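Note sheet for the following structure.
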Amino acid sequence: MSMSRARTRKRARMTVVFAGLAMLGVSVALALLAFEDNIVFFYGPTEIVEQGVEPGQNFRLGGLVKEDSVGLANDGVTNLFIVTDNNANVEVAFKGILPDLFREGQGIVALGALNNEGRFIASEVLAKHDENYMPPEAVEAMKRAGTWKHTQEEGN
Amino acid sequence: MVAELGHFALILALFVATLQSVIPLWGAQTGRDWARDLAAPTAVAQFLCVAFSFGALTYVYLISDFSVQNVAENSHSLKPLLYKISGVWGNHEGSLLLWVSILALFGFLVSVFGRDLPPGLKSRTLSVQAMISVGFLLFMLFTSNPFLRLFPVPLEGNDLNPLLQDPGLAIHPPFLYLGYVGCSISFSFAVAALIEGKVDAAWARWVRPWTLLAWTFLTAGIALGSWWAYYELGWGGFWYWDPVENASFMPWLSATALLHSAIVVEKRDTLKSWTILLAIVTFSLSLIGTFLVRSGVLNSVHAFANDPERGVFILLLLVVAIGGSFALYAWRAPDMKGGGMFRPISREGALVLNNLLLSAAAATVFLGTLYPLFLEVAGGDKVSVGPPYFNATFVPLMIPLLIALGIGPFLSWKRGDLFGVIQRMRFVFLITVVVSILAGVAVWGRDAYALVGLAVATWLALATIAEMMKRAGWPKAGLTGTWRRLWKLPRAAWGMSIAHLGVALIVAGATGASMLTLEVVNSTRQGDVIEIADYEITFEGVREVQGPNYAAVQGVYTARKDDKTIWQLFPEKRRYFATGRETTEAAIESNLWSDLYVVISGDGTNGAYVTRVYHKPLVPWLWLGCALLIVGGFMSLSDRRLRVGAPKRSQAKGNMMSPSPTQAAE
C-alpha cells in the first residue's frame, strides 16, 4: 500500500513539475516575443543625422534642449524645439504639456519616432525631477557625439 | 548633541544586533536555554536603540537644525510640519534609517506578540532577523550616516523636492517599507525553519499572519505611490512600469503567491519546500528592489561605477543574504517530507496554479526590469523596456489567473469536481455574458481589449459574490437564512472575498484608465470651452494664490453637464520659493464612475494657457479596489489573531524543542 501511495505521490509531484515547466516555457516565450517587438533603442542626434533612422520606428532620443529653440506651433499647444548634442541637431515636435523641469539647456529624453520630413514627433518627453540631474541618455548622446566634457556632473 | 546621541544609538544598535544574531542561535543549536532566551530581550533593546536614533533624526528635522548636513540638504524652515517629518525619509540616509527601524520593529513585534511561539523557532527567527539588521546597520554607519555635521552652518536649508511635498507621498515610504521589510519576517521564519529542519502546520500558522501583515502594508504602499503619480505628476497615468515601481511590484507578486501557498501548508501540510522557497524569494526581491532604488544603478550604470561604495556594499549584502539562504535551502530542503496529496483539480491545485502564474508574472517583470541593465553592463546597446513589453507579457498571464480565481474558491480540498463547479457557476457565466454585451455596447468602437478587461472583472466579481453566497448556504438556506449566515462567516472568508472583489475592481479601473481614457489638449483663453465626453468645460481665467512655501497661478474652470454646473476645478501651477522649482497640480473631480482631470500650463502669453483635460472612466474603482485589498488584508488578519491563540494551550513550559502533535492538527 505504501508503495502505491508513494507512486501516486510521485505522479502528483510530476504533474505539478510539468505544469510548472509548461508555465515557465509560456512565460519565457511571451517575454522573448515581447522583447522582439518592444525593446526601444536609444539614439543621439549625431547618430540620427549621420546613420539615419527609419521614419515611424519608435526610439528614445536624448540630448540637450538647444538655447533659443523652444517655440509654439500655430495651434498653440504643439511645442517645437531642437535637441542637440552640440554636434548635430534634431527638430522635435511635442503636443501637450511639457514636464515642469523642461528648460532650455537642460538634458531631456523623448520617446517617439521620426516623420517623413525628419522631424521627431515625441509622444512623451521626460525631464527628471531634479535640476542637477542629467538624464543618462543625454550624457550618452554627447559622449557618442564626442562633445561630452568631463567637468560636467555625471548622474545625480 | 541630539544628532550625536542618535549616531551613538545607532552604533549601540549594531552591537546589540550582533549579539542577537549570534548568541540565541548558538543557544538554540546547542541546547543552552539561557543563551537561546536572549533573543527576545536583545530584539527589544535593538528596537529601542534604533527607535531612539530615528527619533533623534526626526527631532533635528523638527527644529530645523541645519548644522546637520542631512537636514540642510533636505529641509527648509518654512516647510509645513508634515513635510518636516516626511523629509526625514525623503532622502537616501533617512530612508535607510526608516528601513532599519522597521526591521527592528518587526523583530520587536515578534518578540512581544510571539510569546507563545516555540522558543527554538522564535530565537532562531530573531537571530536571522538580527543578521539582516547587522548588514544594514553596517551599511548605514559606513556609507550613509544621516547624522553628519556640516560646517559652516548654513542659514537656510535646500528644501525637500516639491514633488515630494504631498500628503500621499509623505506616508507612502513608511507603508512601502513596512511591506518590503515586513517580508523579512517570513524570510527569517523560513531560514529558521531550514536551520531547525522542520516545517509543519504550526509553522505556517505563525508565518501566515506576518506575511499577511507585510502584504497588506506593501499593497497600501504601492497603492499610495500609484495614487500620488496619478494626481501629482499631471499625466493622468497610474502605473508606468518604471523600474522603481517594478522594484516594489515584484515582491508584491511573490508575497501574494506566498500568502496563498502558506494556506496550503497550514491546511494540508504540503507544498512546504515551495513555500519556504517563496519566502526566501520574496525577501530577496525586496532586497533587489532596495538595491535598484538605493544604489543609483537605475539612473546610470556609470553613476554606479563612479561612486561604487554604496552600490557595492548593497550588492555584497544581496549576495550574502540571497546566496546564503539559497545555499541553505539547497542543503536542507530535500529533507522536508511532503504531506497530503491532492489531485490537479482541487483547491490545492488551484492555489498551485495561482502560484505558478504569479511567479511567472514576477519573472517576466524581473526580466524586463533588469534586461537593460544586463545589456548595458555587458557593453551592449542602450535600450529601454517600456510599457508595451509589460502589457504583452503581464496581461496574458493575468487573464487566466483572473478567470481561475473565480473558480478556485469553489473547488474542494484534495479532489475537486470541476464539472460540478462549472454547472453551479452557469448563472455567473450567463450574467457575465449579459454584462459584457452591455459593456460592449457602451464602449463600442473604442478598444476590443477593453471588453476583455471588463468581462474578466465582471466574471471575477460575480464569482466571488456567488462563492460567498454558497458558503453561507445559498440556495438551500433561503434568502433570509443565507443573509443571516453570511454575517457569521469567519473573518478570513470575508477577508478573502473582499480582497478578490478588490482585484475585480482594480482590473476594471485599470482597463478604464489605460484603454477608455479621453484626452483633449487645447490652447485656451478666458471664456473658451472644451468639450469632452458629456462635459463642457469653460476656462474662467486665472488668479494668483499664495501657499506656505510657494506661490501659484490657479486656473478656474467650470464643468457643465446638460447645462447644469457640476463642478468648479482649480488646477495650479506652483513655484516653490526655496528652489524655484515648478510643479503642476492637477484638479480632479469624480462621480465614482469616472474622473474629470484638468491640468493647466503655459505662461499666459496673450492670455492663452494650455489646458489638458482627461475623462477617465472607472478610475475611481481602481482606488476603491486597492482599498478593498487593504480592508480584506486587515479583516483576515483580525481573524488570524484569534486563531493564533490556539497553539497557546499546547505550548506547555516543558517540551520546548518540539511542539506537541495536537498543534499540527487543524
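Please verify whether region A:21-29 includes one or more residues that are outside any helix (DSSP H, G or I), closer than 24 Å to residue B:372 by Cβ and at the interface with chain B (Cβ under 7 Å from one of its Cβ atoms).
To start, the set of residues in region A:21-29 that are outside any helix (DSSP H, G or I) comprises none.
Within region A:21-29, not a single residue is outside any helix (DSSP H, G or I), closer than 24 Å to residue B:372 by Cβ and at the interface with chain B (Cβ under 7 Å from one of its Cβ atoms).
To keep it simple, each residue is scored yes or no on (1) open to solvent by 10 Å² or more (accessible area, probe 1.4 Å); (2) away from every other protein chain (no Cβ under 14 Å); (3) without any contact (Cβ under 8 Å) to a residue 24 or more places away in the chain.
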residue: B:471; (1), (2), (3): yes, yes, yes
residue: B:490; (1), (2), (3): yes, yes, no
residue: B:498; (1), (2), (3): yes, yes, no
residue: B:501; (1), (2), (3): yes, yes, no
residue: B:508; (1), (2), (3): no, yes, no
residue: B:519; (1), (2), (3): yes, no, no
residue: B:545; (1), (2), (3): yes, yes, no
residue: B:548; (1), (2), (3): yes, yes, no
residue: B:563; (1), (2), (3): yes, yes, yes
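Starting from region A:116-135, take each residue that is among the hydroxyl-bearing types (Ser, Thr, Tyr) and list its partners that are modelled with pLDDT of 65 or more and outside any loop (DSSP other than H, G, I, E, B), counting only C-beta distances under 7 angstrom and pairs at least six apart or across chains.
Hits for this filter: A:123/A:111; A:123/A:112.
Tell me, please, whether a residue that is in contact with a strand residue (DSSP E or B) (Cβ under 6 Å, 6 or more places away or on another chain) and not charged (D, E, K, R) can be found in region A:15-38. Break it down into steps so the answer makes sense when it comes.
Here is the first cut: in region A:15-38, the residues in contact with a strand residue (DSSP E or B) (Cβ under 6 Å, 6 or more places away or on another chain) are none.
So far as region A:15-38 goes, no, none of its residues is in contact with a strand residue (DSSP E or B) (Cβ under 6 Å, 6 or more places away or on another chain) and not charged (D, E, K, R).
So, in region B:345-392, how many residues would count as being farther than 23 Å from residue A:16 by Cβ, open to solvent by less than 20 Å² (accessible area, probe 1.4 Å), facing another protein chain (nearest Cβ under 9 Å) and assigned to a helix (DSSP H, G or I)?
Final tally of qualifying residues: 3.
Looking for something at pLDDT 80 or above and over 18 Å from the mean Cα position of the chain (by Cα) - is there at least one such residue anywhere in region A:50-59?
So in region A:50-59, the residues at pLDDT 80 or above come out as A:50-59.
So of that shortlist, the ones also over 18 Å from the mean Cα position of the chain (by Cα) come out as A:50-51.
Yes.
Is it true that some residue in region B:315-331 is crowded, with 20+ Cβ neighbours inside 10 Å, at pLDDT 85 or above and within 12 Å of chain A (Cβ to nearest Cβ)?
no
Can we say residue B:553 is in a strand (DSSP E or B), closer than 26 Å to residue B:79 by Cβ and among the β-branched types (Val, Ile, Thr)?
Working: in a strand (DSSP E or B): yes; closer than 26 Å to residue B:79 by Cβ: yes; among the β-branched types (Val, Ile, Thr): yes.
It is true that residue B:553 is in a strand (DSSP E or B), closer than 26 Å to residue B:79 by Cβ and among the β-branched types (Val, Ile, Thr).
Let me spell it out: the conditions are (1) more than 17 Å from the chain's Cα centre (by Cα); (2) touching a residue at least 24 places away in the same chain (Cβ under 8 Å), and residue B:295 meets all of them except one. Which number is the exception?
(2)
Can you pull out every residue in region A:30-39 that is in a helix (DSSP H, G or I) and facing another protein chain (nearest Cβ under 9 Å)?
Our first condition is that a residue be in a helix (DSSP H, G or I); within region A:30-39, this holds for A:30-38.
The answer is A:30, A:31, A:33, A:34, A:35, A:37, A:38.
Go through (1) in contact (Cβ under 8 Å) with a residue 12 or more places away in the chain; (2) in contact with a Phe, Trp or Tyr (Cβ under 6 Å, 6 or more places away or on another chain) one by one and return the number of the condition residue B:376 breaks.
(2)
Conditions: (1) under 30 Å from residue B:597 (Cβ atoms); (2) surrounded by 17 or more Cβ atoms within 10 Å (Cβ to Cβ). Residue B:448 meets all but one. Number of the miss?
The number of the failed condition is (2).
What residue, of B:559, B:551, is at pLDDT 95 or above and within 36 Å of the chain's Cα centre (by Cα)? Quick ask: steps written out before the conclusion?
Numbers: B:551 fails: at pLDDT 95 or above.
Among B:559, B:551, only B:559 is at pLDDT 95 or above and within 36 Å of the chain's Cα centre (by Cα).
Do the conditions hold for residue B:439, that is, is it more than 12 Å from chain A (Cβ to nearest Cβ) and closer than 30 Å to residue B:277 by Cα? Outline the logic, then answer.
Values: more than 12 Å from chain A (Cβ to nearest Cβ): yes; closer than 30 Å to residue B:277 by Cα: no.
Against the criterion (more than 12 Å from chain A (Cβ to nearest Cβ) and closer than 30 Å to residue B:277 by Cα), residue B:439 does not qualify.
Go through (1) open to solvent by 50 Å² or more (accessible area, probe 1.4 Å); (2) at pLDDT 85 or above; (3) hydrophobic (A, V, I, L, M, F, W, C) for residue B:293 and report which single condition fails.
(2)
Among the residues of region B:393-430, what is the count of those that are within 14 Å of chain A (Cβ to nearest Cβ) and farther than 18 Å from residue B:342 by Cα?
9
Which fully enclosed strands (runs of 3 or more DSSP E) of region B:578-645 have 2 or more residues being among the hydroxyl-bearing types (Ser, Thr, Tyr) and open to solvent by less than 40 Å² (accessible area, probe 1.4 Å)?
Numbers: elements: B:582-585, B:587-590, B:594-601, B:609-617.
Qualifying strands (runs of 3 or more DSSP E): B:582-585, B:594-601, B:609-617.
Among B:512, B:478, which is the only one that is of a type outside the set (Ser, Thr, Tyr) and on the phi > 0 side of the Ramachandran plot? Steps first, answer last, please.
Numbers: B:512 fails: on the phi > 0 side of the Ramachandran plot.
Selected residue: B:478, the only one of B:512, B:478 that is of a type outside the set (Ser, Thr, Tyr) and on the phi > 0 side of the Ramachandran plot.
Just to be sure, is residue B:420 over 32 Å from the mean Cα position of the chain (by Cα), under 30 Å from residue A:11 (Cα atoms) and crowded, with 20+ Cβ neighbours inside 10 Å?
On the way: over 32 Å from the mean Cα position of the chain (by Cα): yes; under 30 Å from residue A:11 (Cα atoms): yes; crowded, with 20+ Cβ neighbours inside 10 Å: no.
The answer is no for residue B:420.
Just checking, does region A:102-109 include any residue being open to solvent by less than 80 Å² (accessible area, probe 1.4 Å), at pLDDT 70 or above and within 22 Å of residue A:39 (Cα to Cα)?
So far as region A:102-109 goes, yes, one or more of its residues are open to solvent by less than 80 Å² (accessible area, probe 1.4 Å), at pLDDT 70 or above and within 22 Å of residue A:39 (Cα to Cα).
Filter region B:212-230 down to the residues that are over 16 Å from residue B:250 (Cβ atoms) and not hydrophobic (A, V, I, L, M, F, W, C), then identify the one that is nearest to the chain's Cα centre (by Cα).
For region B:212-230, the residue satisfying everything is B:216.
Quickly run through region B:131-157 and pick out the residues that are in a helix (DSSP H, G or I), open to solvent by less than 10 Å² (accessible area, probe 1.4 Å) and either farther than 13 Å from residue B:99 by Cα or among the hydroxyl-bearing types (Ser, Thr, Tyr) (or both).
B:133
Output the number of residues of region B:574-615 satisfying the condition of being within 12 Å of chain A (Cβ to nearest Cβ) and of a type in the set (A, V, I, L, M).
Residues that pass the stated criteria total 7.
What residue, of B:88, B:60, B:100, is touching a residue at least 24 places away in the same chain (Cβ under 8 Å) and more than 22 Å from the chain's Cα centre (by Cα)? Full working, then the answer.
Values: B:88 fails: more than 22 Å from the chain's Cα centre (by Cα); B:100 fails: more than 22 Å from the chain's Cα centre (by Cα).
Answer to the check: B:60.
Would you check which residues across region A:86-101 are over 17 Å from the mean Cα position of the chain (by Cα) and away from chain B (no Cβ under 14 Å) and list them?
Scanning region A:86-101 gives A:86, A:87, A:88, A:89, A:91.
In region B:1-58, which residues are open to solvent by less than 30 Å² (accessible area, probe 1.4 Å) and more than 19 Å from residue B:127 (Cβ to Cβ)?
B:3, B:6, B:9, B:10, B:53, B:56, B:57, B:58
So residue B:592 fits all but one of (1) on the phi < 0 side of the Ramachandran plot; (2) touching a Leu at 6+ places or on another chain (Cβ under 9 Å); what number is the exception?
Among (1) on the phi < 0 side of the Ramachandran plot; (2) touching a Leu at 6+ places or on another chain (Cβ under 9 Å), residue B:592 violates only (1).
For region B:424-447, give me each residue that is more than 30 Å from residue B:473 (Cα to Cα), part of a helix (DSSP H, G or I) and not β-branched (Val, Ile, Thr). Explain how you work it out, then say what you get.
Keep residues of region B:424-447 that are more than 30 Å from residue B:473 (Cα to Cα), which gives B:437-447.
Of the ones still in play, those that are also part of a helix (DSSP H, G or I) are B:437-442.
The answer is B:438, B:439, B:440, B:442.
Kindly indicate whether any position in region A:40-57 is among the β-branched types (Val, Ile, Thr), surrounded by fewer than 19 Cβ atoms within 10 Å (Cβ to Cβ) and within 8 Å of chain B (Cβ to nearest Cβ).
Among the residues of region A:40-57, at least one is among the β-branched types (Val, Ile, Thr), surrounded by fewer than 19 Cβ atoms within 10 Å (Cβ to Cβ) and within 8 Å of chain B (Cβ to nearest Cβ), which makes the answer yes.
Answer with yes or no whether residue B:450 is assigned to a helix (DSSP H, G or I) and touching a residue at least 12 places away in the same chain (Cβ under 8 Å). Give the steps one after another, and end with the answer.
On the way: assigned to a helix (DSSP H, G or I): yes; touching a residue at least 12 places away in the same chain (Cβ under 8 Å): yes.
For residue B:450, the condition - assigned to a helix (DSSP H, G or I) and touching a residue at least 12 places away in the same chain (Cβ under 8 Å) - is met.
The values are calculated or read from the model by the stated rules, or taken from the named source; none is laboratory data. What you see is a predicted model; the values in this text were computed from it and never measured. Reconstructed Cβ throughout: ideal geometry from the backbone, glycine too, with neighbour counts over all protein chains shown. All accessible areas refer to the heavy atoms of the entire protein, side chains included, with ligands and DNA or RNA removed. Shrake-Rupley method; radii C 1.70, N 1.55, O 1.52, S 1.80 Å.
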